[in-house]
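All remarks here apply to the structure that follows.
The values are calculated or read from the model by the stated rules, or taken from the named source; none is laboratory data. The model shown is predicted, which means the values in this text are computed figures rather than measured ones. Cβ placement follows ideal geometry from the backbone for every residue including glycine, while neighbour counts extend to all protein chains displayed. These accessible areas exclude ligands, DNA and RNA; they are computed on the full protein's heavy atoms, side chains included. Shrake-Rupley method; radii C 1.70, N 1.55, O 1.52, S 1.80 Å.
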Amino acid sequence: MNKHQNALIALAVHAFTASGIVVAMLAAIAAYAQDWPKFFGLLGFALAIDGVDGPIARWLHVERRLPTFSGAALDFVVDYVTYVFLPAMALAAGGFGPTWISLALAGVIVFTSAMYFADTRMKMKNNAFRGFPAVWNGVIFLFFVFRPPIEVISVVTGLLAVLTFLPVAFVHPVRVVRWRPLTLLVCVVWSVCAVVALTSGLDVSFAVGAGLLLSSLYLALVSAVHQLLDLLK
């Protein structure tokens, strides 16, 4: 395979990654219209793109095919918009409480996440994330589903913002090998419940709400449990 063919293959993968930012633009339009099920559905689509572009890039060795193009930098741009910026905007515009509190919380999210994205130590040796990995799309989605009081939202947001900078492990569902089959199963449960929530206009039954809450707690805590078990050995 010649140099030009290698470059085209790599660029095709990078274009797939970059398509996530187009989805993000459509999500921003949905947020402007305050169509929150559509907004989170589009963020879910962007999340699906992000979930498969990395394995494809590694399988095709795109860094070797096109070393002058940084797929990691492109991925960071898309991830920051879809995982952080747009969810923070949704929190600010979602009518959860006084405007100044919502704006302050959104500011905390975008600031702490920007600092986190620049930290080269964000991955641990076992491929877990060091600190809360700025997956605010999932957190803000839960806020919209459960509609907790602004006091609860403030405490959760503040706690996660602090955890962003602490050496507490958070799971990468695919790359962390320990308990991976169970973790992937929990991810499937979370995804199914999220789809049901979206199709019901974010008005969920007790069973779906319980499924979302319990699976979220597992994903939030499982790597910290691993970390604690290793310390107790």
Next item on the list: List every residue pair whose Cβ atoms lie under 6 Å apart, where the two residues are 6 or more positions apart in sequence or sit on different chains, the first residue falls within segment 111-130 and is in a helix (DSSP H, G or I), and the second residue, located anywhere, is buried (at least 16 other Cβ atoms within 10 Å of the Cβ).
Entry: THR112/ALA161; THR112/THR164; SER113/VAL84; SER113/ALA134; TYR116/ALA134; TYR116/THR164; PHE117/TYR80
Margin query: Condition (residue is in a helix (DSSP H, G or I) and under 27 Å from GLY158 (Cα atoms)) applied to segment 3-24: is it met by at least one residue?
Written below: yes
Next item on the list: Take LEU47 and decide whether it is aliphatic (A, V, I, L, M), assigned to a helix (DSSP H, G or I) and open to solvent by 20 Å² or more (accessible area, probe 1.4 Å).
Entry: yes
Note to self: For segment 63-81, give me the residue count where each residue is aliphatic (A, V, I, L, M), over 25 Å from SER191 (Cβ atoms) and free of Cβ contacts under 8 Å to residues at least 60 places away in the same chain.
What the structure shows: 2
Notebook entry, point to check: Mind checking which residues of segment 179-233 are within 15 Å of VAL145 (Cβ to Cβ), among the aromatic types (Phe, Trp, Tyr) and surrounded by 15 or more Cβ atoms within 10 Å (Cβ to Cβ)?
Noted result: TRP190
Notebook entry, point to check: Any idea which of (1) over 23 Å from LEU43 (Cα atoms); (2) open to solvent by 20 Å² or more (accessible area, probe 1.4 Å); (3) of a type in the set (A, V, I, L, M, F, W, C); (4) in contact with a Gly (Cβ under 8 Å, 6 or more places away or on another chain) is the one ALA57 doesn't satisfy?
Noted result: (1)
Notebook entry, point to check: Which of the residues belonging to segment 31-62 are over 20 Å from SER191 (Cβ atoms) and not hydroxyl-bearing (Ser, Thr, Tyr)?
Noted result: ALA31, ALA33, GLN34, ASP35, ALA57, ARG58, TRP59, LEU60, HIS61, VAL62
Next item on the list: For LEU103, state whether it is without any contact (Cβ under 8 Å) to a residue 12 or more places away in the chain, open to solvent by 30 Å² or more (accessible area, probe 1.4 Å) and in a helix (DSSP H, G or I).
Entry: yes
Next item on the list: Of the numbered conditions (1) in contact with a Ser or Thr (Cβ under 8 Å, 6 or more places away or on another chain); (2) under 29 Å from GLY107 (Cα atoms), VAL176 fails exactly one; give the number of that condition.
Entry: (2)
Note to self: Being of a type outside the set (Val, Ile, Thr), over 15 Å from VAL52 (Cα atoms), in contact (Cβ under 8 Å) with a residue 12 or more places away in the chain and open to solvent by 40 Å² or more (accessible area, probe 1.4 Å) is the filter here; which residues of segment 1-30 pass it?
What the structure shows: LEU11, LEU26
Checklist line | Selection from segment 29-49 of residues that are out of contact with any helix residue (DSSP H, G or I) (no Cβ under 6 Å at 6 or more places or on another chain) and either within 24 Å of VAL192 (Cβ to Cβ) or of a type outside the set (S, T, N, Q) (or both) | finding: ILE29, TYR32, ALA33, ASP35, GLY44, LEU47, ALA48
Next item on the list: Name the single residue, out of those in segment 122-138 being open to solvent by 20 Å² or more (accessible area, probe 1.4 Å) and among the aliphatic types (A, V, I, L, M), that is nearest to the chain's Cα centre (by Cα).
Entry: VAL135
Check: Has segment 27-47 got at least one residue that is among the β-branched types (Val, Ile, Thr), more than 23 Å from THR157 (Cβ to Cβ) and modelled with pLDDT under 95?
Finding: no
